[in-house]
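Participant: Structure incoming, see below.
The values are calculated or read from the model by the stated rules, or taken from the named source; none is laboratory data. What you are looking at is a predicted structure, and each value in this text was computed from that prediction instead of being measured. Ideal geometry is used to build each Cβ from the backbone, glycine not excepted, and the neighbour counts take in all protein chains shown.
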Amino acid sequence: MNEILKEISLIGIVPVVKIDDAKDAVPLAKALIRGGLPCAEITFRTAAAEQAIKNISEECPEMLVGAGTVLTKEQADAAIKAGAKFLVSPGLNPKIVSYCKEKGYLILPGTTNPSDVEQALELGLDTVKFFPAEAAGGLPMIKAMSAPYGTLKFMPTGGINAKNVKEYLEFSKIIACGGSWMVPSNLITNGDFDEIERLTAEAVKVMLDFKVVHIGINSDDEAAAAATAGNFEKLFDFKANEGTKSYFCSSMLEVMKVNGVGTKGHLAVGTASVPRAYAYLKRMGVEFNEDTATYDEKGNLKFIYLKDEIGGFAVHLVKNK
């Protein structure tokens, strides 16, 4: 996968932004970054788009900025010259896609049906926009098209919001979702960037869905672990299921057979996506013990410990079940 697409995938949500005044671009970008989404698709639906992209790319280099509603070769050139790292169009125009590919521009054209998808594949694309997502059949349509076209990835946009974004992102063929619910035009025009930051942070929380999965208790040895697990089973009917390294007394309580990681034990924090959670926390300055990382058969991160303890507990990430 293209490196920019990988970055988009790790961010998970691409705010789709309509800016009327380029002076609002940098404050908006900073609000999105603080909220946890260092990415934006600035649509070419206003005359301010090109300058807005230029302002963001120059003053917020950590921001992955792209251009949306790209309909012409001239717009594509202007967007890239201004600093856009990717281009998005509402539909699939073979001439525009071919032009962008010849120029080395990353473009995600809009698709809604198998005919669009076959054109995209013919043009050598492996990732497309799906637009307007909800109106065009939503997640069921994407899943239906993914069956015969299994190599293609999608970025659905249109009708995505806080209520359905998590469900969309759970499907493996979706790299990210575009959405505008955290960047409504009236808030941008009114300069209410604190509210945009709040809505952005809320969107990230919904997407990552952090929750405590289980608590691990350290023991001096196997005998001590068996005694602890036995007490939980006797007192609370938490049946002790013995494993190689520990006893699980209910799904929430793990009794280790050794004095394992963490001064007091460990906490397993579940998330909808370990790779996205890892990338998000890294952006927030969190350090990880990289030696503890494990990966699935596709090379995706599935488990890793934070470097520092919290309250005496080692903390690791794991995917929610």
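Participant: I'm trying to understand the selection: among the residues of the range 278-321, which are polar (S, T, N, Q) and either at pLDDT below 95 or under 17 Å from E170 (Cα atoms) (or both)?
Facilitator: N300, N320
Participant: Sticking with this one: Taking the condition free of Cβ contacts under 8 Å to residues at least 60 places away in the same chain and surrounded by fewer than 20 Cβ atoms within 10 Å (Cβ to Cβ), does K245 pass?
Facilitator: yes
Participant: Can I ask one more? Does any residue of the range 98-115 turn out to be outside any helix (DSSP H, G or I), in the same structural domain as E197 (by TED's automatic domain parsing), within 25 Å of G191 (Cβ to Cβ) and over 20 Å from the mean Cα position of the chain (by Cα)?
Facilitator: Taking every residue of the range 98-115 in turn, none turns out to be outside any helix (DSSP H, G or I), in the same structural domain as E197 (by TED's automatic domain parsing), within 25 Å of G191 (Cβ to Cβ) and over 20 Å from the mean Cα position of the chain (by Cα).
Participant: Continuing with this model, one more query. I need the full set of residues from the range 273-321 which are small (G, A, S), crowded, with 20+ Cβ neighbours inside 10 Å and out of contact with any His (no Cβ under 8 Å at 6 or more places or on another chain), in order please.
Facilitator: S273, A277, listed by residue number.
For (1) outside the structural domain of Y280 (by TED's automatic domain parsing); (2) assigned to a loop (DSSP other than H, G, I, E, B); (3) surrounded by fewer than 24 Cβ atoms within 10 Å (Cβ to Cβ), each residue gets a yes or a no:
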{"position": "Q51", "(1), (2), (3)": "yes, no, yes"}
{"position": "E62", "(1), (2), (3)": "yes, yes, yes"}
{"position": "G66", "(1), (2), (3)": "yes, no, no"}
{"position": "K95", "(1), (2), (3)": "yes, no, yes"}
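Participant: A further question follows. Looking at Y149, Y168, can you tell me which residue is of a type in the set (S, T, Y) and either over 16 Å from R276 (Cα atoms) or surrounded by fewer than 20 Cβ atoms within 10 Å (Cβ to Cβ) (or both)?
Facilitator: On the way: Y168 fails: either over 16 Å from R276 (Cα atoms) or surrounded by fewer than 20 Cβ atoms within 10 Å (Cβ to Cβ) (or both).
It is Y149.
Participant: If K205 satisfies all but one of (1) closer than 20 Å to G66 by Cβ; (2) loosely packed, with under 15 Cβ neighbours inside 10 Å, what's the number of the condition it fails?
Facilitator: Result: K205 passes all but (1).
Participant: Across the range 121-144, what is the number of residues that are farther than 14 Å from P90 by Cβ, over 22 Å from the mean Cα position of the chain (by Cα) and of a type in the set (A, V, I, L, M, F, W, C)?
Facilitator: 3
Participant: Also, I was wondering about something else. Would you check if A40 is part of a helix (DSSP H, G or I) and small (G, A, S)? Write out each step before concluding.
Facilitator: Details: part of a helix (DSSP H, G or I): no; small (G, A, S): yes.
It is false that A40 is part of a helix (DSSP H, G or I) and small (G, A, S).
Participant: Sort out for me the strands (runs of 3 or more DSSP E) sitting completely within the range 172-256 that have 2 or more residues that are farther than 30 Å from G36 by Cβ.
Facilitator: 240-242, 246-249, 253-256
Participant: The conditions are (1) more than 17 Å from the chain's Cα centre (by Cα); (2) surrounded by fewer than 18 Cβ atoms within 10 Å (Cβ to Cβ), and V213 fails exactly one of them. Which is it?
Facilitator: All conditions are met except number (2).
Participant: Looking only at the range 262-299, how many residues end up being over 25 Å from T200 (Cβ atoms) and touching a helix residue (DSSP H, G or I) at 6+ places or on another chain (Cβ under 9 Å)?
Facilitator: Keep residues of the range 262-299 that are over 25 Å from T200 (Cβ atoms), which gives 262-268, 289-299.
From what's left, touching a helix residue (DSSP H, G or I) at 6+ places or on another chain (Cβ under 9 Å): 293.
The number of residues fulfilling the criteria is 1.
Participant: Provide a single number: the residues in the range 185-197 that are under 22 Å from the mean Cα position of the chain (by Cα) and surrounded by 16 or more Cβ atoms within 10 Å (Cβ to Cβ).
Facilitator: Number satisfying all stated conditions: 3.
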